[in-house]
Amino acid sequence: MIDFKHQVAEALKNNIDGMEINDIIGMIEIPPNSEMGDFAFPCFKLAKTMRKAPNLIAADIAENMEKIAIFEKVESKGGYVNFFMDKKAVAESVLNEVNDKGEKYGGSDIGGGKKVIVEYSSPNIAKPFHIGHIRSTVIGNAIYKIYNFLGYDTVRINHLGDYGTQFGKMIVAYRKWGRKEDVEKEPIRTLLGLYVKFHEEAEAHPELEDEAREVFRLLESGSAEEVELWKWFREESLKEFTRVYDMLGISFDSYAGESFYSDKMDRITDMMTEKGLLQKSEGAEIVDLSEYDMSPALIRKKDGSTLYITRDIAAAVYRKEHYNFDKNIYVVAAQQNLHFQQWFKIIELMGFDWAEQCVHVNFGLVSLDDGTMSTRKGKVVFLEDVLNRAVEKTAEIIRDKNFGKDDLDEISKQVGIGAVVFNELSNNRIKDYVFSWDKVLNFEGETGPYVQYTHARACSVLRNAKVELSKNVNFEYLTGESAYELIKLIARFPESVVDAAEKYEPSIVTRHIVDVAQGFNKFYHDEHIIVENEEEQKAKLLLVDAARQTLENGLKLLGMAAPERM
Ligand code: ARG
């Protein structure tokens, strides 16, 4: 695709003394509406060095701009030079590019040879996989896909919370009150119930706590019976998680969770000792971080057991040695900001210069509009239930569209689950948000169903066409206002993908495909596509197909399906 911005910058460079091309590119803006051109160059900063009023500079540049074929016109207005591209040339360049690249349109190989780890989801074993977990799971998956699309060598890791003293409690509780068949039938609910019962009983019988500590010690030292039970709990829980991952179409390259690092901990604490980082404090070992305005990090407890943070440090060292990453991304809630700041600093103090390759991609809280999200009141909303409900509700909405039973089931899944995913990726990730069914499943608003529906509409136009799709078209037919606006939105899709990767912000892609969908619907509304004139029809179909392709690629990047009928 012709780099239009670059063309504008080149033309400007010939008219401005002493400015580097990249600085010019950095200053070029996209005007808020097309009446002001496709690109604009502000002259305010030049006023000082040139000792001339910005509007005069702009006027001079516009006037001196020699006739360049790719510009329809160049004018100056209030201190800006406005560039209007030749619409036909833009249409030809953009649509040929989309047609050539197909499913790869928007991707690139800028990440070639670079390894990126994306850690996401990471739920805790034997704890509910609830609606709160959707954020890390879905945002992480989209970030992984975006990096992959840009040619990075990606590794997906699920850092399962499968370790810690709570497993001592769970084993004790299971031995006292548990039943095998209950765990097999409903592992998480059963284990959670046992865990709750343990705490109730321990109030009257505090000796249970000692028992649990002893059992955890046995587990840590590799005692066969305890290890077997723990493994079983882990497997059963994982089965339940996997059911949800399958619904979401999500998978991982590694499930190395916290337990994986249990035998790699001594080496880490030794390294810290060697660097003089560890201090004794009431029998425990800590790293003092007061110099960096942070509370101390507890690395090893009095009884010698390690903690969540110790395991994170061990995991990062392992990942560097094992994968040699260029970037190590953690998609974890903002509630853990301090935790990540602390251990990123510790890694740095340990002398690892790759500390700066570790990134905490944080996000805000999700709550439900009917207030059912307070785990404390025991009202846990399971993610699986939310997804199932989304599918059911979608089936109700599209039932009367005379689909066969199989199609109805499949499309309800794609749209229902897609709606939840899209909703999750619609806002800036750091914002807290309220989950509302009305918003999620609205087919009219800026939602997943709306974008999917637009994609299906484009597919339907292509199905109903009377001529073959072809690249050899007369682009003159695509210079109307809404066609041209749509083409420009399609052209900017690759930039959005790069921007989303750089900012770890999938919502940039989400918002972009909403714009493309709206642009398509405007074009669809303003112009007749299946027209008598075959030449015209052919040109318009090429645009319809490019919009369809862009929507499909965008939806897939977000982890959604792009159904062809809805
Ligand atoms: N299991 C943790 C939780 O549910 C999240 C783990 C995040 N990842 C990490 N490397 N600390 O809160």
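For region 113-225, calculate the relative contact order in percent as a whole number, restricting contacts to Cα pairs under 8 Å that are 6 or more residues apart.
On the way: 122 pairs, mean separation 34.3, N = 113.
It rounds to 30 percent for region 113-225.
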Give the angle, between 0 and 90 degrees and rounded to the nearest 10, that separates the Cα long axis of helix 166-177 from the longest principal axis of the Cα atoms of the chain.
-> 60 degrees
For region 112-124, Karplus-derived ³J(HN,Hα) couplings (6.51, -1.76, 1.60; θ = phi - 60°; whole Hz; x for glycine and proline) come out as x, x, 10, 9, 10, 9, 10, 9, 8, 6, 6, x, 9
Quick one, what does Rg over Rh come out to for the chain if you take C-alpha atoms and the Kirkwood Rh?
-> 1.05
Could you tell me how many degrees, from 0 to 90 and to the nearest 10, lie between the Cα long axis of helix 383-398 and the main elongation axis, the longest principal axis, of the Cα atoms of the chain?
-> 40 degrees
First compute the accessible area of region 198-339 with a 1.4 Å probe, then give the percent of it belonging to carbon and sulfur atoms.
-> 47 percent
Sequence neighbours fewer than 8 away in the same chain don't count; with that in mind, list the aspartates and glutamates whose C-alpha is under 15 Å from K471.
-> E92, E97, D100, E534, E535, E536, D545
Based on DSSP H runs of at least 4 residues, each adding -39500 (n - 2.57), what is the mean residue ellipticity at 222 nm of the chain after dividing by all its residues, to the nearest 500 deg cm²/dmol?
-> -17000 deg cm²/dmol
Fraction of accessible area attributable to carbon and sulfur, region 94-140 (%, probe 1.4 Å) = 43 percent
For region 425-504 and region 76-119, what is the separation of their C-alpha centers, rounded to whole Å?
-> 15 Å
Beyond 28 Å (Cα-Cα) in this structure, taken from K320/K503; K115/K503; K145/K413; K77/K104; K45/K522; K45/K431, we find K77/K104; K45/K522; K45/K431
Tell me, what HN-Hα J-couplings in whole Hz come from the Karplus equation 6.51 cos²θ - 1.76 cosθ + 1.60 at θ = phi - 60° for each residue of region 459-467, using x for Gly and Pro?
-> 4, 5, 4, 5, 5, 7, 5, 9, 10
Taking a straight Cα-to-Cα line shorter than 17 Å from K239, and setting aside same-chain lysines fewer than 8 residues away, one finds K127, K180, K185, K231
What are the GluC sites (Glu not before Pro) within region 460-566 that DSSP puts in a loop, where the Cβ has at most 11 other Cβ atoms within 10 Å?
-> E468, E532
Whole-Å distance, taken between Cα centres, linking region 506-566 and region 208-264 = 46 Å
Taking a point 7 angstrom from the Cα of E274 along the C-beta vector, which residues in region 295-331 have backbone N less than 17 Å away?
-> 313-322
Over region 65-201, one equal point on each Cα, no solvent: what is log10 I(q)/I(0) by the Debye formula at q = 0.21 Å⁻¹?
-> -1.14
Could you pull the Cα extents of region 480-566 along its three principal axes, largest to smallest, in whole Å?
-> 46, 27, 18
Using Cα pairs closer than 8 Å and at least 6 residues apart in sequence, work out the relative contact order for the chain, in percent.
-> 15 percent
Given a Förster radius of 51 Å and the C-beta distance between E103 and W232 as r, what FRET efficiency does 1/(1 + (r/R0)^6) yield to the nearest 0.05?
-> 0.75
A student applying the Cα gyration tensor rule (rounded when a/c is under 1.5; otherwise prolate if a/b is larger than b/c, oblate if not) would label region 373-488 oblate
When a/c is below 1.5 the answer is rounded, else prolate if a/b is larger than b/c, else oblate, so apply that to region 1-104 with a ≥ b ≥ c taken from the square roots of the Cα gyration tensor eigenvalues.
-> prolate
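Let me make sure I get this right: for region 441-495, a, b and c are the square roots of the gyration tensor eigenvalues over alpha carbons, sorted descending. Under 1.5 in a/c it's rounded, otherwise prolate if a/b > b/c, else oblate. Which is it?
Oblate, since a/c reaches 1.5 and b/c is not below a/b.
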Check cross-link reach from K302 to the lysines: straight Cα distance under 26 Å, and skip same-chain residues fewer than eight apart.
-> K169, K264, K275, K280, K345
Taking Cα atoms only, helix 4-13 is inclined relative to the longest principal axis of the chain by an angle, in degrees rounded to 10, of 60 degrees
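Which FRET efficiency, nearest 0.05, do N55 and D499 yield, Cβ-Cβ r, R0 22 Å? Write down the numbers at each step before the final one.
Numbers: r = 31 Å, r/R0 = 1.43.
Computed FRET efficiency for N55 and D499 comes out at 0.10.
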Karplus 3J(HN,Hα) series, Hz, for region 497-507 with 6.51 cos²θ - 1.76 cosθ + 1.60 (x for Gly, Pro) = 5, 5, 4, 4, 5, 5, 9, 6, 9, x, 4
FRET efficiency for E481 and D409, Cβ-Cβ distance as r, R0 = 45 Å, nearest 0.05?
-> 0.65
With every protein chain present, what is the per residue accessible area of the chain (1.4 Å probe, Å²)?
-> 47 Å²
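The values are calculated or read from the model by the stated rules, or taken from the named source; none is laboratory data. The model shown is predicted, which means the values in this text are computed figures rather than measured ones. Cβ atoms come from the backbone with ideal geometry, glycine included; neighbour counts cover every protein chain shown. All accessible areas refer to the heavy atoms of the entire protein, side chains included, with ligands and DNA or RNA removed. Shrake-Rupley method; radii C 1.70, N 1.55, O 1.52, S 1.80 Å.
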